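The values are calculated or read from the model by the stated rules, or taken from the named source; none is laboratory data. Since the structure is predicted, the reported quantities are computational estimates derived from the model, not experimental observations. Here Cβ is always computed from backbone atoms with ideal geometry, including for glycine, and neighbour counts include all displayed protein chains.
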Ligand code: SAM
Ligand code: SF4
């Protein structure tokens, strides 16, 4: 019986988390008391979690420069020859689905719509069969630029879902945050995607104090009116200048407080959350004066808040990550990687690739440890890891 990681769900402060939460992410790449891995095809770790959700970064490049993710001047991009080709990406996804039990693949980046072969990668992925005999779920996280022209084709290629990131309804403010004047393209991308089988579309927003934190209510009203499912994400220490301060971020509680100005929120049962990072609330117009909680059936819609920092969901994490240059990461905040590209280009068999991936995941730490004095940021920017 392997020990489960401490359940940090709902933990008001990771600062109070036991020290062993950070083991593995900080000084030690692996647990010192690492048990032997059982003979099991799926991506287990020593805390009993099973990774079934693969995040694939298709490029580290982007056509926006969101302040919390990239510097205005961009980053030193990966050389083309280091980036996996379409065939190489498809081969590794095939290993993940057919040998390692992955059932869901999310394409991200950088900006995945910059990848010309995206539709063929989606089509090849959707044609795979999971270990359970089903079709893998495929999803895309995008800034929406170019989605207007490609949403229908992506749906036809087999894409199941799309998340679009948008931090402001105001084009000028959008341009200040993203350092590019492309708000209209994101809005038209969203509208186009909503008219395809990819609907309902999820919208991801990072609210920042003094930047766009007055937009919680208007963004939620707009999302409800358009049938988009809005999720607010706590800002993580992945900004380019290392200026992130825990005291300054807008936490789940701060977001809920702002939303309470415009709506009555009723929590959805936490048992429905599973491994999903977002906590969800039913959204209602303000309650009647008698103070009764409204019926969920009368809700205008729902809203999610992803408390990556203050309400870590590490204990339920089922993710594994592949960077665009072919490195497996067992956590967004991991400080070590496993080089599948080198193995693949040296002629490794599918079995050898699968074994290396299994070993990489076995060493996954219990949690990201943000808030611990020993916490170290990952050695790659978010855009290169794949958000
Ligand atoms: N370019 C695509 C996009 O923006 O949706 C995909 C990649 S982006 C890295 C994926 C998600 O990560 C976006 O929703 C973005 O807002 C979020 N993100 C980036 N940096 C972040 C940070 N420091 N903290 C929290 N979320 C962040
Ligand atoms: Fe680009 Fe997405 Fe990062 Fe914004 S969050 S700079 S769109 S990769």
Residues (touching a strand residue (DSSP E or B) at 6+ places or on another chain (Cβ under 7 Å) and closer than 27 Å to residue 255 by Cα) located in the range 312-331: 318, 319
Exactly one of these conditions fails for residue 65: (1) touching a residue at least 40 places away in the same chain (Cβ under 8 Å); (2) outside any loop (DSSP other than H, G, I, E, B); (3) within 14 Å of ligand 1 (Cβ to nearest atom). Give me its number. (2)
Do you know which residues across the range 367-387 are within 13 Å of ligand 2 (Cβ to nearest atom) and at positive phi? 386
Does the range 285-298 include one or more residues that are within 23 Å of residue 202 (Cβ to Cβ), part of a strand (DSSP E or B) and modelled with pLDDT of 85 or more? no
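Step by step: first the residues of the range 107-124, then only those that are assigned to a helix (DSSP H, G or I) and away from ligand 1 (no atom under 12 Å from the Cβ), then the one that is farthest from residue 84 (Cα to Cα). Which residue is that?
So in the range 107-124, the residues assigned to a helix (DSSP H, G or I) come out as 112-114, 118-124.
Next, from what is left, pick out any that are away from ligand 1 (no atom under 12 Å from the Cβ): 118-124.
Values: 118: 13, 119: 16, 120: 14, 121: 12, 122: 15, 123: 17, 124: 15 Å.
That would be 123.
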Here the qualifying pairs (Cβ atoms under 8 Å; residues six or more apart or on different chains; first in the range 24-40 and at positive phi; second at pLDDT 80 or above) come out as 24/363; 24/364; 24/365; 24/366
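Show me the strands (runs of 3 or more DSSP E) entirely contained within the range 125-231 in which 1 or more residues are in contact with a strand residue (DSSP E or B) (Cβ under 7 Å, 6 or more places away or on another chain) and more than 15 Å from ligand 1 (Cβ to nearest atom).
Numbers: elements: 137-142, 161-165, 202-205.
The qualifying strands (runs of 3 or more DSSP E) are 137-142.
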Among (1) within 16 Å of ligand 2 (Cβ to nearest atom); (2) more than 21 Å from residue 335 (Cβ to Cβ); (3) exposed (fewer than 15 other Cβ atoms within 10 Å of the Cβ); (4) without any contact (Cβ under 8 Å) to a residue 24 or more places away in the chain, where does residue 72 come up short? (4)
Are any residues in the range 106-120 more than 19 Å from the chain's Cα centre (by Cα) and in contact (Cβ under 8 Å) with a residue 24 or more places away in the chain, and if so, which ones? 117, 119, 120
Where residue 91 falls short, out of the listed (1) within 17 Å of residue 128 (Cβ to Cβ); (2) in a loop (DSSP other than H, G, I, E, B): (2)
Restricting the range 360-387 to residues that are in contact (Cβ under 8 Å) with a residue 60 or more places away in the chain and farther than 30 Å from residue 61 by Cβ, which is surrounded by the fewest Cβ atoms within 10 Å (Cβ to Cβ)? 374
Matching residues, the range 216-227, being touching a helix residue (DSSP H, G or I) at 6+ places or on another chain (Cβ under 9 Å) and closer than 17 Å to residue 265 by Cβ: 216, 217, 220
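Considering the range 229-251 alone, what residues qualify as being buried (at least 18 other Cβ atoms within 10 Å of the Cβ) and more than 16 Å from ligand 2 (Cβ to nearest atom)? Show your work before the answer.
Keep residues of the range 229-251 that are buried (at least 18 other Cβ atoms within 10 Å of the Cβ), which gives 229-240, 249-251.
Within the range 229-251, 229, 230, 250, 251 meet the criteria.
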If residue 54 satisfies every condition in (1) farther than 23 Å from residue 167 by Cβ; (2) at pLDDT 95 or above; (3) surrounded by fewer than 21 Cβ atoms within 10 Å (Cβ to Cβ) but one, which is the exception? (3)
Looking only at residues that are under 18 Å from the mean Cα position of the chain (by Cα) and away from ligand 2 (no atom under 16 Å from the Cβ) in the range 123-142, which one is surrounded by the most Cβ atoms within 10 Å (Cβ to Cβ)? 138
Identify, please: which residue in the range 79-88 is in a loop (DSSP other than H, G, I, E, B) and more than 21 Å from the chain's Cα centre (by Cα) and is, among those, surrounded by the most Cβ atoms within 10 Å (Cβ to Cβ)? 85
